[in-house]
Amino acid sequence: MSRVLGLAYALIAYVGFMGWMVYMIGFLGHFPVPKSVNSGQSGSMWEAVLVNSLMVALFAVQHTIMARPKFKQWVMRIIPNHLERSTFVFITDVIAWFLIWQWRPIEGVVWHVHGFAAYALTGVSILGWAIVCLGSFLINHFELLGLEQAWHYFRGTKPKRVVFVTRGLYKYVRHPLMLGFLIFFWATPYMTASHLCFSALFTIYVLFGTRVEERDLLKYHPEEYGNYMKEVPGLIPFTK
C-alpha cells in the first residue's frame, strides 16, 4: 500500500507541476484563462509590487533552500528518499498556483506591437517554453520531477545513477531551462506593467539562483564543472 500511495503522491506532484507550467502560457500570453497576469484584485501600485515581490521571494527561497544538498540530507531523515524530489515539486506546485491565484495586476502598458511582429514575438515566447521542456528531457525529465524515483520504488528496482549531461542544448548554455524561462517571460507583443513586474522579479531570481546552483556544482564537481564553465556560457549562447 505504501508503494501505491507513494506513486500516487508523485503523480499528483507531477500533474500539478505540468498543470501550472501549461497554464503559464495563458497567464503570460494573454490567452483566455480564468486568471492572467493582468487580472485579479486591484489596488495601489506599491501594494501590488510588494505582494508580488513577496510571493516571488517565497518561490525563490523554497527553491534555493530545498535544492541544497545539505537540506536534502536533512529532509530525507523525515521523508523517504524516493519521495524527496516529489515533495520538492509538490511544494513548488502549491506556491506556483498560489502565486497565479494571488498575483496583483499593475496598470500600464510598456509596449504593444501588432501584425507580423506580434505573431513573431508570440512564437518566440512559445519557443522559450519549448526550450524549458526540451532541456528537462535532455537531463531526464521524469527524474527531475520526482516521478522516476517513485516508479522505481513502486517496482522494487533501482533508478539509474544521475550523470553529468552536456549534450544538445547543454553544449551551448549551461542553463538552458533558465534561458527558456527568460525567453518565455520577456518575448511578448503586449508587455504590460504587470507582466514587466513578473518578468523582472523572476529574472532576478534566475540570476541569483543559477549562481547558488553553480556554487554547489563547483563544490562537488570542481574539475568537471569548472572546465564546463570555461567552455560553455551560462545563459547567452555563443558568448564567453
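Where a number appears in this text, it was derived from the coordinates with a stated rule and is not lab data. The shown structure was predicted, so the numbers you read here are calculated from the model rather than taken from an experiment. Cβ sites come from the backbone with ideal geometry, for glycine too, and all protein chains shown count toward neighbours.
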Under 5 Å, built H, 5+ apart or other chain: amide partners of residue 192: 110
Segment residue 221-residue 21, extension gain: residue separation times 0.36 nm, minus the distance between their alpha carbons: 68.9 nm
Label-zone membership for the stretch 189-216, site residue 68, 7 angstrom Cα→C-beta point, backbone N under 13 Å: 212-213, 215-216
Environment charge of residue 85, counting only residues whose C-beta is closer than 12 Å and scoring Lys/Arg +1, Asp/Glu -1: -2
Full-stretch length increase - residue 167, residue 124 - with 0.36 nm per residue and alpha-carbon distance subtracted: 13.2 nm
Which of 106, 183 has the fewest Cβ neighbours within 10 Å, and the rest in rising order: 183, 106
All-pairs Cα distance distribution in the chain, expressed in whole percent, bin size 5 Å: 1, 6, 11, 16, 18, 16, 13, 9, 5, 2, 1, 0
